[in-house]
Amino acid sequence: MSEVVAKIQRVSRASLSHAETLTREWLPQGSRQGSEWVARNVARGDRASGSFGVSLVTGKWNDFADRNAHGGDLVSLYSYLFGCRQVDAAMAIDRRLGLGVFRWGAAPSVSQPAPHDADAHRQRLEAHAAEKAIARQEAAARARTVWDAAKPASATHPYLMSRGVPVYGLRQCRRGWLLVPLCAGGELVNLQWILPNGKKRFLKGGQVQGAYSLIGEPVAGGRLFICEGWATGATLYRLTGDPVACAMNAGNLRAVAESLRAALNGSLDLVIAGDDDRQTEGNPGRQAANDAALAVGAMVLYPKWPEGCPDDLTDFNDLYRWHRARLDSEQAGGGHE
């Protein structure tokens, strides 16, 4: 282990004794909730707190709305928030706390952000957040224009046919791309385009975190599923008749669940219908679904894989289509007897 790495680890361990002081300084618009510091993620332009939390016990931090934003200690948190290397972050924390891990008598071999530099960087982050807010507004306006100009989707669209689900309110542009509406706060804020070959994209700059596509209409006291992809949501709605909020990706499950927890006076029975990424290390689908369920006190549900089911299937639509193919095959075989 190199000397620099050892020093970074020493700073990481020592900083835990000052976890609340440091997080309060770095994320001043947050608040303590139990053993966590919960704040808005200024590095991603959050308008409100909710998905971003830091453990004041272990230093681990995570943004459940961004699967790439997580770390195991306060050094990595500083590095993430202020856009510097971990050694620079460790030096800044060492100087702030007066730990004496790094020597300051001579000029350090690497630069470290001074307090005024950190303030300047935070101001740049705030400016970037404002730019993102403007981009979101422009994307929402474009989404409304594109949506209004589109026609109801064809039931024979290649993507719908391949997934075995009905249209359920989707629209289709002249290019033949499906339009999936994403809403937040009761307003259309973004669109997901689905090309005939299944590739997907969002409007540039449009809101994704906390936005969702709703299939069906929630009723007070009723059940509401929250899942990842639209095809999975369409499958759940088709089989159960219960409304479904499609979060579009695993990293957005918790933000959507927290948003809908308060809907209809908090009377909804929320069920997180997670993907089972069995072939992916760490199974991010299950991890995100469990985190979302724990955050809002919801039930969690996963596909139950029968014997002989292929290992590369991950969600409820995959399971549904596999069952349908098997039944069709059995019926075709029976017809020849």
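The values are calculated or read from the model by the stated rules, or taken from the named source; none is laboratory data. Given the structure is predicted, the values throughout are model-derived calculations rather than measurements. Here the Cβ positions follow ideal geometry from the backbone for every residue, glycine too, while neighbour counts run over all protein chains shown. Ligands, DNA and RNA are stripped out before the accessible areas are found, and what is left, the full protein with its side chains, is counted by its heavy atoms. Shrake-Rupley method; radii C 1.70, N 1.55, O 1.52, S 1.80 Å.
See the values below:
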item: Nonlocal amide H pairs with Gly83, under 5 Å, H built at 1.01 Å; result: none
item: When the convex hull of its Cα atoms is projected in every direction, mean area for the chain (nm²); result: 21.7 nm²
item: Mean projection area, nm², convex hull over Cα of the stretch 155-248; result: 6.1 nm²
item: Sequence-separation-based contact order of the chain, relative, with Cα cut under 8 Å and 6+ spacing, percent; result: 11 percent
item: Accessible solvent surface per residue of the stretch 244-337, calculated while the other protein chains remain in place, 1.4 angstrom probe, Å²; result: 52 Å²
item: Choice from Lys200, Lys60, Lys132 showing the highest fluctuation, given a GNM over the chain with Cα pairs closer than 10 Å; result: Lys200
item: Point-charge dipole on Cβ atoms (K/R +1, D/E -1) for the stretch 239-279, about Cα centre, debye to 20; result: 120 debye
item: For the chain, size of Cβ-based charge dipole, Lys and Arg +1, Asp and Glu -1, in debye; result: 880 debye
item: Stretch gain in nm, segment Trp147-Arg238, where the contour uses 0.36 nm per residue and the Cα spacing is subtracted; result: 30.4 nm
item: Rounded tilt (10° steps) of 86-97 against the dominant C-alpha axis of the chain; result: 50 degrees
item: The chain: most fluctuating residue of Ala153, Ala43, Ala220 per GNM, C-alpha cutoff 10 Å; result: Ala220
item: Estimated vicinal HN-Hα couplings, Hz - the stretch 157-166 in sequence order (Karplus 6.51, -1.76, 1.60; Gly, Pro = x); result: 4, x, 5, 5, 5, 5, 8, x, 10, x
item: Gaussian network model of the chain, springs between alpha carbon atoms under 10 Å - residue of Val38, Val101, Val256 with greatest fluctuation; result: Val101
item: 222 nm mean residue ellipticity, helices alone, for the chain (DSSP H n ≥ 4; -39,500 (n - 2.57); rounded to 500); result: -13000 deg cm²/dmol
item: Simple spin-label estimate for Ser329 and Leu294 in nanometres, 7 Å along Cα-Cβ; result: 3.9 nm
item: Cα-based reach from Lys204 at 18 Å (exclusive), listing lysines while leaving out same-chain residues under 8 positions away; result: Lys132
item: Rounded tilt (10° steps) of 115-149 against the dominant C-alpha axis of the chain; result: 10 degrees
item: Sites matching trypsin sites (Lys or Arg not before Pro) across the stretch 133-186 that sit in DSSP coil, with at most 11 neighbouring C-beta atoms within 10 Å; result: Arg174, Arg175
item: The stretch 156-203 - Rg over Rh from alpha carbon coordinates, Kirkwood radius; result: 0.98
item: Residue (of Val146, Leu16, Gly274) at the positive-pole extreme of the chain, dipole from beta-carbon charges; result: Val146
item: Folded to 0 to 90 degrees: helix 230-240 orientation relative to the chain principal axis, Cα; result: 50 degrees
